[in-house]
Amino acid sequence: MRRSEFISRLEEDTEWDIVIVGGGATGLGAAVDASSRGYKTLLLERYDFAKGTSSRSTKLVHGGVRYLEQGNIKLVMEALHERGLLLKNAPHLTRTQPFIIPVYSWWKKWYYGIGLKIYDLMSRRLSLGKTAIISAKAVEKFTPAVSLKGLSGGVLYYDGQFDDARLAFTLAQTAADKGGVVLNYMKVTGLKKVDQKCRGVFAEDSLTGQTYTIRSKAVINATGVFTDDILKMDDHLQHHIVSPSQGVHLVVDRQFFPGEYAMMIPKTDDGRVLFAVPWHQEVIIGTTDTPVSKISFEPRPLEEEMEFIFRNINQYLSSGISKQDVKAVFTGLRPLVKIPGKKNTAVMPRDHTVIVSPSNLVTITGGKWTTYRKMAKVAVDNALFVGKLEKRPCETDSLRLHGWQVALNEEEPFGYYGADGEAVRKLVEENERWGEKLHAALPYIKAQVIWAVRNEMAITVEDVLARRIRMLFLNAQAALDCAAEVAAMMAKELGREDSWQEEQVKDFTELAKGYLPGGV
Ligand SMILES: Cc1cc2nc3c(=O)[nH]c(=O)nc-3n(C[C@H](O)[C@H](O)[C@H](O)COP(=O)(O)OP(=O)(O)OC[C@H]3O[C@@H](n4cnc5c(N)ncnc54)[C@H](O)[C@@H]3O)c2cc1C
């Protein structure tokens, strides 16, 4: 993917079938759906792909065990179906993850055991493995860090796991493979109206300041927690519909949680679920659900959210985890849709919401990563209707995503590139120094920086270290240690001057402080 080529296509005087605003899971999914059906598709992202919530999830491809307990059968069945399709269509980015629920009373073992058996049955032919009620000894074997005091046994069940930002680029690449144009650093500044109907957008290239008037038959608003900003562009009297809720994750060394099994705690002291999940080389623990009033592109964790996680996870682990053990902390905002009269975000529905405005603007928000494909289909179907476009069937349920390869090979740094892994490896033949590791603590090599600039539209040091490779999310100090070297490599590739390098390192250092536990 080359940004300059996409800009040239944007500059052609053309009318697009569908313009999508927002390059997270929902917008990129819609771009794949629309371009694979053969529609002339353009996606515009204000910052970088997955800069918003879509790089800050718990990284689970799941049906949502919690929603089953809440009795939301339809939502769980739909998500389990989508889970199965994603694991088939992107096996190079996803894997089956076994989970253990440790239980400390005999009746809970049966309660959760039966519940999780139903969860598995609901996935029908797309089951990832059989749920089992297991002994305390087996729980200890699979999760050696578990607290044994009073342990009566556990439940073993299966869900999916993935790398969210890598899946986002894969969707961008898939849309591009299918003829779509996807542009990062392109902010939508207004909606273009003809006879009070939405017939395109105004946009500004953040890198050059160049402005564009873009014509289209339909516009999809897929801006997550920023949905209301676009709705206000459409109708300044529009009420807010999004009620953001913040979720924090802590990343710790695997020594605190050894083994390949994840842990699910079904009820924290305030009734939520908490996960400890092996991810790349480390373990993610989270998350929280804190209503917030301020919507930011870089949400910061609250001290009390970190304390909540320590307090709850330490009840289940033999070794205590504290702030000095945390390698990174990251925070995301859920785009929950308001229900009149409800203030507690934990009980707000996690289903998606579609709104077609009188101006024909199609807005889609809520939902989750796991259901992005279904959401994309709904959004595109609505766009076809308002744009009076010829109907063509959706193909994404069996569409193999860019780089499709039989299985994820997590043993090597190129595993998540799928079929492109070979090309990344080949870069080392061009310059053998690119075979060197970026940092001793993580397996990433320098060739991945070059690949990100040349093929994945990485523009800034943050794009590389936060999302093309996941260093910032895995070990914020290691990412800081590499920033200057990454800036130097990028400057050479992009033909940028010394002052650009200095600016990049300064910006990244400021940003990374929010990911260091001490920075909270
Ligand atoms: C803490 C947490 C944990 C989660 N864990 C999971 C999980 O394990 N599994 C799961 O399935 N789901 C999970 N989710 C849900 C999932 O991450 C979200 O539903 C999904 O990422 C939302 O994607 P989105 O595209 O709607 O929003 P976003 O990813 O926020 O994308 C919206 C994009 O719009 C862009 N934008 C905004 N304004 C403009 C503009 N004017 N012009 C152009 N672009 C603009 C933004 O820059 C942003 O990139 C989790 C969510 C949270 C918060």
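Annotation: the chain has a Kirkwood hydrodynamic radius of 23.5 angstrom, from the mean reciprocal C-alpha pair distance.
Taking 8 Å as the Cα distance limit and 6 or more residues as the minimum spacing, I'd like the relative contact order of segment 415-519 as a percentage.
20 percent
Residues Met375, Met122, arranged from fewest to most other Cβ atoms within 10 angstrom of their Cβ, appear as Met122, Met375.
For a straight C-alpha distance cut-off of 14 angstrom, the aspartates and glutamates reachable from Lys117 (same-chain residues fewer than eight places away being disregarded) are Glu69, Asp159. When the C-alpha to C-alpha distance is required to be over 29 Å, the pairs from Lys88/Lys327; Lys377/Lys513; Lys59/Lys178; Lys232/Lys377 that qualify are Lys88/Lys327; Lys377/Lys513.
Considering only Ser55, Ile118, Gly150, and ranking their Cα positions along the charge dipole of segment 1-152 that arises from unit charges at the beta-carbon of Lys, Arg, Asp and Glu, the one farthest toward the positive end is Gly150. Toward the positive end of the charge dipole of the chain, with +1 on the Cβ of Lys and Arg and -1 on the Cβ of Asp and Glu, the farthest Cα among Val188, Thr365, Gly403 is that of Thr365.
Across all directions of projection, what mean area in square nanometres is found for the Cα convex hull of segment 409-520?
Details: hull surface 27.3 nm².
Reported value for the Cα convex hull: 6.8 nm².
Listed by chain and number, the aspartates and glutamates whose alpha-carbon sits under 18 Å from that of Lys141, ignoring those within fewer than 8 places in the same chain, are Glu260. Segment 46-61 and segment 456-520 have Cα centres lying 17 Å from one another. Computed packing ranks the peptides 405-414, 325-334, 351-360, 258-267 as 325-334, 258-267, 351-360, 405-414, most packed first, by mean other Cβ atoms within 10 Å. Taking the charge dipole of segment 453-495 about its Cα centre, with +1 at Lys and Arg Cβ atoms and -1 at Asp and Glu Cβ atoms, the residue from Ala491, Asn475, Ala458 reaching farthest to the positive side is Ala458.
Kirkwood analysis of segment 397-463, using all unique Cα-Cα pairs, places the hydrodynamic radius at 12.9 Å.
Here the sum of -39500 (n - 2.57) over DSSP H runs of 4 or more residues, divided by the residues of the chain, equals -10000 deg cm²/dmol at 222 nm, to the nearest 500.
Quick one: dipole size for segment 415-519, taken about the Cα centre, charges +1 on Lys/Arg Cβ and -1 on Asp/Glu Cβ, in debye to the nearest 20. Present the calculation step by step, with values, prior to reporting the outcome.
Working: 13 positive and 18 negative charges, 66 e Å.
Computed charge dipole of segment 415-519: roughly 320 debye.
Over 18 Å between Cα atoms: which of Lys51/Lys187; Lys193/Lys388; Lys74/Lys108; Lys197/Lys388 fall into that group?
From Lys51/Lys187; Lys193/Lys388; Lys74/Lys108; Lys197/Lys388, over 18 Å: Lys74/Lys108.
Between Thr509 and Asp269, take the C-beta separation as r, use R0 = 45 Å, and let me know the FRET efficiency to the nearest 0.05. The calculated FRET efficiency here is 0.80.
Under the convention that each Lys and Arg Cβ holds +1 and each Asp and Glu Cβ holds -1, the size of the dipole of segment 31-128 around its Cα centre is about 120 debye. Dipole size of the chain about its Cα centre, with +1 on Lys/Arg Cβ and -1 on Asp/Glu Cβ: approximately 1940 debye, rounded to the nearest 20.
Counting only aspartates and glutamates at least 8 places from Lys192 when in the same chain, those with an alpha carbon closer than 16 Å to its own are Asp13, Glu15, Asp17, Glu204, Asp229, Asp234, Asp235.
Here, each number is a calculation from the coordinates, and none is a lab measurement. Everything numeric here is computed off the predicted structure, so don't read it as measured data. Ideal geometry is used to build each Cβ from the backbone, glycine not excepted, and the neighbour counts take in all protein chains shown.
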